[in-house]
Amino acid sequence: MSLKKLRALIVEDSEPDCVLLLRELGKAGYEVEHRCVDSAPDMEDALDTATWDIILCDHVMPVFSGPDAIRLVKSKGMDVPLIIVSGQIGEEVAVGAMRLGAQDYILKGSLSRLGPAVERELTEAENRRQKKQAERDLLASRKMEELKDEFIGLISHEMRNPLTVVVGTLAMMQNPEGFGPEDLRQMVDEAYLEAKQLEGILDNLLELARAQADRLDLHRQAIKLPELVRGVIDDTAAEVDRVSMSAASDTPTVRGDPLRVQRILHNLIENAIKYSPDGGDVEVTLEKGDGEVVIGVHDHGIGIPARSVAGLFQPFHRLEGSRLTKGTGLGLIVCQRLTEAQGGRIWVESNEGEGSSFYFTLPEA
Ligand code: ADP
């Protein structure tokens with residue numbers, strides 16, 4: 001018969017009784033790793049420094065007692081089965097111990113019951129553990145479902161608005177009589193911006209899905225950042241004039257996927273504009289670092305409270321103050337995934353009410 005491993009904490013002041021218990025467990029087929037304690041501090045130390053499958057506990061000891069031991073285990077929120085093993089215990093005292101939380105009690109005179117009792121308690125403890133785990137899993141999956149519903153609602157809402165403008169504009173264009181060329185031009189421009197907005201949301205969604213599935217498929221090459229940044233700024237449909245770039249003439253070439261670097265910059269610049277509703281310049285800076293280039297996007301907008309910085313790069317996470325601004329909470333998580341996939345880092349420095357600087361790095365080519 002192969003021996004079953006058992007980690008037993010024995011609360012007992014009599015050395016011979018401890019040996020007796022170990023012998024009984026051995027007979028029941030257990031290979032026991034044990035520690036014997038007989039005071040509260042020792043028991044606390046044993047609970048804190050090791051993991052136990054079972055606690056066998058005498059009822060009356062000179063400086064400690066069964067009820068004290070049960071309370072100690074409970075106070076630590078541990079679920080380790082505890083069996084009272086005692087020489088002198090009346091029915092009432094035994095019932096009292098079980099009420100307190102002992103799983104069973106065994107008289108020292110009938111130790112042959114110990115093996116089966118331990119076996120049963122181990123099985124029940126395992127069942128309890130599995131049940132708790134199943135409850136935790138269920139809770140997590142419910143939370144996931146809620147998040148998904150919330151997210152679908154948010155994305156649908158964010159996509160519906162631009163789509164309404166595009167469809168409305170196209171409907172009017174079907175009968176353009178009555179509109180002057182200037183009106184038409186303005187309508188097309190607005191619809192174009194809204195369509196770009198839709199495109200941005202879809203791009204971010206797809207990038208996040210690819211990153212989650214580890215299928216980003218990067219096309220890395222040498223990139224001249226000043227040209228690429230210039231292109232993104234020109235392409236930032238709204239309020240181009242507010243955005244400028246400053247780069248040292250010796251900015252090194254970096255290695256990355258140009259489309260992905262464009263996406264990161266696009267998301268950061270859009271945010272910089274969006275979260276500075278009272279205007280102010282947005283500046284993109286390029287600085288040489290140690291084997292990398294640090295790209296900064298700076299604004300003078302609403303800023304981010306220090307306590308919120310940690311949660312900023314969570315998917316779909318939007319800060320309290322941003323709820324009134326359009327957004328999906330996808331932009332920053334996509335920036336983070338894309339930056340890290342290209343061997344870079346991303347972080348933010350911000351003062352609430354003064355503005356934010358988002359930085360990301362790319363390795364030198
Ligand atoms: P979205 O802008 O669509 O909400 P992001 O993932 O791009 O999603 O940003 C997440 C949140 O981080 C925003 O909702 C906003 O609260 C905050 N944030 C991002 N960029 C800035 C910024 N430049 N200034 C202030 N807050 C910002």
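The values are calculated or read from the model by the stated rules, or taken from the named source; none is laboratory data. On a predicted model such as this, the values are computed, not experimentally measured, just so you know. Virtual Cβ from ideal backbone geometry, glycine too; neighbours counted across all protein chains shown. With ligands, DNA and RNA removed, areas are computed over all heavy atoms of the protein, side chains included. Shrake-Rupley method; radii C 1.70, N 1.55, O 1.52, S 1.80 Å.
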Might you check whether a residue that is without any contact (Cβ under 8 Å) to a residue 24 or more places away in the chain, over 30 Å from Ser249 (Cβ atoms) and in contact with a Lys or Arg (Cβ under 9 Å, 6 or more places away or on another chain) occurs anywhere in segment 215-225?
yes
For segment 89-117, pairs from a residue that is among the aromatic types (Phe, Trp, Tyr) to a residue that is open to solvent by 50 Å² or more (accessible area, probe 1.4 Å), with Cβ under 8 Å and 6 or more apart or across chains, are Tyr105/Met98
The correct count of residues that are assigned to a helix (DSSP H, G or I) and open to solvent by less than 70 Å² (accessible area, probe 1.4 Å) in segment 70-93 is 4
Taking segment 71-103 and keeping only residues that are at pLDDT 95 or above, farther than 19 Å from Arg120 by Cα and either more than 44 Å from the chain's Cα centre (by Cα) or of a type in the set (A, V, I, L, M) (or both), one is left with Leu72, Val73
Reported set for segment 307-348 where residues are exposed (fewer than 14 other Cβ atoms within 10 Å of the Cβ) and within 11 Å of the ligand (Cβ to nearest atom) is Gly311, Gln314, Glu320, Arg323, Leu324, Thr325, Lys326
Flag for Leu206 being under 22 Å from Gln336 (Cβ atoms) and part of a helix (DSSP H, G or I): yes
Checked pairs for segment 245-269, first touching a residue at least 40 places away in the same chain (Cβ under 8 Å), second open to solvent by 50 Å² or more (accessible area, probe 1.4 Å) and within 16 Å of the ligand (Cβ to nearest atom), C-beta under 9 Å and 6 or more apart or across chains, list as Met245/Glu283; Ser246/Glu283; Arg263/Asp203; His266/Asp203
If we keep only residues of segment 349-365 that are more than 12 Å from the ligand (Cβ to nearest atom) and hydrophobic (A, V, I, L, M, F, W, C), then the residue farthest from Pro277 (Cα to Cα) is Ala365
When (1) in a loop (DSSP other than H, G, I, E, B); (2) out of contact with any helix residue (DSSP H, G or I) (no Cβ under 6 Å at 6 or more places or on another chain) are applied to Gln336, the one that fails is (1)
Within segment 233-285, the count of residues that are within 13 Å of the ligand (Cβ to nearest atom), among the aliphatic types (A, V, I, L, M) and not in a helix (DSSP H, G or I) comes to 3
Quiz item: Quick check: is even one residue across segment 116-132 within 30 Å of His317 (Cβ to Cβ) and surrounded by fewer than 14 Cβ atoms within 10 Å (Cβ to Cβ)?
Solution: yes
query = Regarding Leu22, is this residue at pLDDT 95 or above and within 19 Å of Ser112 (Cβ to Cβ)?
reply = yes
Of (1) within 12 Å of the ligand (Cβ to nearest atom); (2) surrounded by fewer than 16 Cβ atoms within 10 Å (Cβ to Cβ), His298 fails just (2)
Residue hits (segment 7-37; open to solvent by 40 Å² or more (accessible area, probe 1.4 Å), assigned to a strand (DSSP E or B) and aliphatic (A, V, I, L, M)) are Val32
